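Rule-based calculations on the coordinates, nothing more; no lab input. Quick caveat, the model's predicted, so the values are computed rather than measured. Here Cβ is always computed from backbone atoms with ideal geometry, including for glycine, and neighbour counts include all displayed protein chains.
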Number of protein chains: 2
Amino acid sequence: MGTYGAVKTQSSEEISDLPSSVLLSNTYHLYLRPGTEILAKTDGLHSFMNWDGTILTDSGGFQIFSLEGYRKVTEDGVIFRSHLDGSEHRFTPEKIVDIQRIIGSDFMMMLDVCPPGDADYQSWVDALRITTNWAKRSMKHFKETEPLYGHEQVLIPVVQGGTDKKLRKQSTAELCELEANAYAIGGLAVGESKLKMLETVEWMDEFLPKEKPRYLMGVGTPADLVRSVARGIDMFDCVLPTRNARNGQLFTFDGKINIRNSKYKSDFSYIDENGISPMSAVYTKAYLHHLFKTKEILGYRIATQNNLRFYVYLMKTMQEEIQNGNFKTWAKEFLVRYSNSLF
Amino acid sequence: MGTYGAVKTQSSEEISDLPSSVLLSNTYHLYLRPGTEILAKTDGLHSFMNWDGTILTDSGGFQIFSLEGYRKVTEDGVIFRSHLDGSEHRFTPEKIVDIQRIIGSDFMMMLDVCPPGDADYQSWVDALRITTNWAKRSMKHFKETEPLYGHEQVLIPVVQGGTDKKLRKQSTAELCELEANAYAIGGLAVGESKLKMLETVEWMDEFLPKEKPRYLMGVGTPADLVRSVARGIDMFDCVLPTRNARNGQLFTFDGKINIRNSKYKSDFSYIDENGISPMSAVYTKAYLHHLFKTKEILGYRIATQNNLRFYVYLMKTMQEEIQNGNFKTWAKEFLVRYSNSLF
């Protein structure tokens, strides 16, 4: 998760050895700062941030719908005012493709309408209709344009439909006509119950083509990841590893701990002796507690590295367990240990 | 400069390859957080922060005299209230030695009285008298106690006397009777003019024993360092490299630049192509400008590394130029290029 073209606290060198991970950056934020002019001048985000790994950019839709401020959705696109200076901007599906061409992300997302968690059935229907319409325009424009920096780009549509089975089926069918290389599931993890979310993911497993990668947007906790992989998901994005790190929350196989808790003041055991994160293997919990109490930036770095490595290790482990045919047994054991909860 | 046992934004691994540098930490801050109980339990600061390089701790005197809040100096010691919670603490010269034994620093500083920059002659006289008295008690107590963790510790007295030649001579003579391994010059860089400061450093060069290292406390800018080395100083401590970094100020051989300046928005040259700092050789000024504008922690890290490496490179270069017999020529060229100023 690298909102502004930087993974919070981490250098490009530090994230370069996270296997099979993708850096997510936000089209909306990059469009405002540094802006497309700067990105075009430096041949895109890879070059700008000195990163030759894979980059995915979201469409900006989620920010437009979740950030406070004026916005208006029409059949043509979205008009919104910047959260920074109040300036007015118009996004169309085509413009979102153009911006991502300039960013040069490897995975581009189509502009979609993402209704909030408390939306009603009619909002889901409307969001689905506009999303399909925009997806067709996005794909058309994508095919009419070329990558700017000599590497391939992939454009991914976003399935909507709330937590309604019929709508999800309809959205999937309409988007599958575009024959995209991968499919994203949007409109989940926006406030609905975990059971509703997992039920919807199960339907998606049924509706989506088996041979194409599925990306569940905005999910989630380690337990969410395990349960969603069990339901056919291949890819996630989530702010939890980096955001929680900055609040002192660390992910471990025994669950989440908060290093600010006074019980860690004199706990001189290493943060994590498993060696998943290099820093967590050489610094103690007592030292990290001290760094958080004194607001030292090094503390945020150690915690961020710990959580990013934990998530990547978790994904890699699941991949291996699936290949070994042992996933279900492993997943049950993981969930009992991690959160004393069921598969 | 590592106030709380961490060099701002940097990991112990990153600072481990800064040649001939010493980590300075603050006795006063460590005494309050994490406290001596924690430090004793983990065999001192080296172990606590995973750092096997050299550590110097100040005496806490400077913080006691510079931080706001109640304090009272008696012939016996200092009474002060914590800037954190208002709790009352008493520091004596002996207690300061004991605390630094627990911290386990390689270089320990004696408690001294450091008058503010606007102090009058009588304050300098009083500070000198008490400092000498405390220095005798410090050395006595030092000799009566042992290091706690099996490595040698050195105790350093602090010369006072304001910017008065006679007082500086007297303070030096009194402290030299203690036959310490090194001598620090305190009470400078507290608000007096640069000319007064350099004049005083010149007197100190005359008064201090030639064969023992001299440490000029709290100095300074790159130009200050060059001019002070020319006047016989071996060692410095200063917050500028790390503090300025967090404000976006970078040290370069062509002077100080502020990366937040809008002219860097589309400057795609590397921060420093000389390779002094690994990060400055791979990230551009435009990217660093963007990181500061978006308040990304990575920006503070890049700037901090740039400035620390610049300072260490500067000290190393001076050492080499002295060995080559070329110091004066080099210093003149450096000062003209750095600040268009005189030697």
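Quick one: work out Rg over Rh on the C-alpha atoms of the protein assembly as shown, Rh as Kirkwood radius.
When Rh is taken as the Kirkwood radius, the ratio is 1.06.
Filter B:K194/B:K293; A:K95/A:K143; A:K263/B:K295 down to the pairs with a C-alpha to C-alpha distance above 24 Å, please.
Among B:K194/B:K293; A:K95/A:K143; A:K263/B:K295, the Cα-Cα distance tops 24 Å for B:K194/B:K293; A:K263/B:K295.
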Given backbone amide H placed at 1.01 Å from N, residues whose amide H is under 5 Å from that of B:G218, ignoring those fewer than 5 places away on the same chain, are B:D237
Classify region A:147-194 from the C-alpha gyration tensor, please: rounded if a/c falls under 1.5, else prolate or oblate depending on whether a/b exceeds b/c. oblate
Any residue on another chain or 5+ positions along whose placed amide H is under 5 Å from the amide H of B:V159 is listed here as B:A184, B:I185, B:G186
Between A:S16 and A:L195, with labels modelled 7 Å along Cα→Cβ, what's the label distance in nm to one decimal, could you check? 4.9 nm
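Relative contact order for region A:129-202: what percent, with Cα pairs under 8 Å and sequence separation of 6 or more? Walk me through the numbers before you get to the answer.
Details: 60 pairs, mean separation 23.8, N = 74.
Normalised by residue count, the contact order of region A:129-202 is 32 percent.
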Considering the alpha-carbon set of region A:106-213 alone, what are its Rg and its Dmax in angstrom? 14.1, 44
Ignoring everything except DSSP H segments at least 4 long, calculate the 222 nm mean residue ellipticity for the protein assembly as shown; use -39,500 (n - 2.57) per segment, divide by total residues, nearest 500. -13500 deg cm²/dmol
Per residue of region B:263-275, what does 6.51 cos²θ - 1.76 cosθ + 1.60 with θ = phi - 60° give for ³J(HN,Hα)? Whole Hz please, x for Gly and Pro, Karplus curve as stated. 5, 8, 4, 10, 9, 8, 6, 5, 4, 8, 7, 6, x
Might you report the magnitude of the Cβ-based charge dipole of region B:1-109 about its Cα centre, with Lys and Arg at +1 and Asp and Glu at -1, to the nearest 20 debye? 340 debye
Could you name the aspartates and glutamates whose alpha carbon sits less than 20 Å from that of A:K8, not counting residues in the same chain fewer than 8 places away? A:D17, A:D52, A:D58, A:D237, A:E296, B:E13, B:E14, B:E296
Quick calc, the protein assembly as shown, dipole around Cα centre from Cβ unit charges on Lys, Arg (+) and Asp, Glu (-), nearest 20 debye, gives 1060 debye
Step through the residues of region A:284-298 one at a time and calculate ³J(HN,Hα) from phi using the Karplus curve (6.51 cos²θ - 1.76 cosθ + 1.60, θ = phi - 60°), rounding each to whole Hz and writing x for Gly and Pro. 8, 4, 4, 5, 5, 4, 4, 5, 5, 5, 9, 6, 6, 4, 3
Amide H of B:D112 versus every other amide H placed in the peptide plane: which residues, excluding those fewer than 5 positions away on the same chain, fall under 5 Å? B:G61
Through the Karplus equation 6.51 cos²θ - 1.76 cosθ + 1.60, θ set to phi - 60°, convert the phi angles of region B:155-170 into ³J(HN,Hα) values in whole Hz; use x for Gly and Pro. 10, 10, x, 10, 6, 10, x, x, 10, 9, 4, 5, 5, 4, 5, 5
Is there a pair in B:K140/B:K210; A:K72/A:K196; B:K212/B:K316 whose C-alpha atoms are over 21 Å apart, and which pairs would that be? B:K140/B:K210; A:K72/A:K196
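Using only atoms on other chains, find how many Cβ atoms lie within 10 Å of each Cβ of peptide B:278-289 and report the average.
That works out to 3 on average.
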Summing +1 for each Lys or Arg and -1 for each Asp or Glu, what net charge is found among the other residues whose Cβ lies under 11 Å from the Cβ of A:Q170? +3
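For region A:47-140, count the residues as N, evaluate 2.2 N^0.38 Å, and divide the Cα radius of gyration by that value, please.
That ratio works out to 1.15.
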Normalised contact order of chain B, rounded percent, pairs of Cα under 8 Å and 6 or more residues apart: 12 percent
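Take every DSSP beta bridge with both residues inside the protein assembly as shown and express the antiparallel ones as a percent of the total, to the nearest 5.
Taking every DSSP beta bridge with both residues in the protein assembly as shown, the antiparallel ones total about 45 percent.
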Calculate the mean, over all residues of peptide A:33-40, of how many other protein chain Cβ atoms lie within 10 angstrom of the residue's Cβ. 3
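By count of other Cβ within 10 Å, fewest leading, how are A:L148, A:L216, B:L23 ordered? Present the calculation step by step, with values, prior to reporting the outcome.
Values: A:L148 16, A:L216 27, B:L23 24.
Final ranking by Cβ density, sparse to dense: A:L148, B:L23, A:L216.
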Of all the C-alpha pairs in chain B, what % are more than 38 Å from each other? 17 percent
Whole-Å distance linking the alpha carbon centroid of region B:239-309 with that of region B:73-123 is 36 Å
Compute the Cα gyration tensor for region A:1-100, then decide on rounded, prolate or oblate, letting a ≥ b ≥ c be the square roots of its eigenvalues: rounded whenever a/c is under 1.5, prolate when a/b is larger than b/c in the other cases, and oblate in all that remain. prolate
All-pairs alpha carbon distance profile, region A:154-278, 5 Å steps from 0, percent: 2, 10, 18, 19, 15, 10, 9, 8, 5, 3, 1, 0
Measure of compaction for region B:184-343 (Cα Rg per 2.2 N^0.38 Å): 1.12
What ranking of B:L128, A:L198, A:L32 emerges when the number of other C-beta atoms within 10 Å of each C-beta is taken as an exposure proxy, fewest first? A:L198, A:L32, B:L128
Plugging the Cβ-Cβ distance of A:T36 and B:K332 into 1/(1 + (r/R0)^6) at R0 = 51 Å yields, to the nearest 0.05, a FRET efficiency of 0.60
Antiparallel versus total DSSP beta bridges in chain A: what percent is that, nearest 5? 45 percent
Over region A:66-109, one equal point on each Cα, no solvent: what is log10 I(q)/I(0) by the Debye formula at q = 0.19 Å⁻¹? -0.68
Mean 1/r over distinct Cα pairs of region B:256-296, inverted to a Kirkwood Rh in Å, yields 10.1 Å
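Restricting to region B:1-142, what percent of DSSP beta bridges are antiparallel, rounded to 5?
About 55 percent, rounded to the nearest 5.
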Which whole number gives the average, over all residues in A:160-167, of C-beta atoms from other chains lying within 10 Å of the residue C-beta? 0
Each label point is 7 Å from the Cα along the Cα-to-Cβ direction; what then is the distance between the points at B:L148 and B:K165, in nm? 4.6 nm
Which of rounded, prolate or oblate describes region A:289-342 when judged by the alpha-carbon gyration tensor and an a/c cut-off of 1.5? oblate
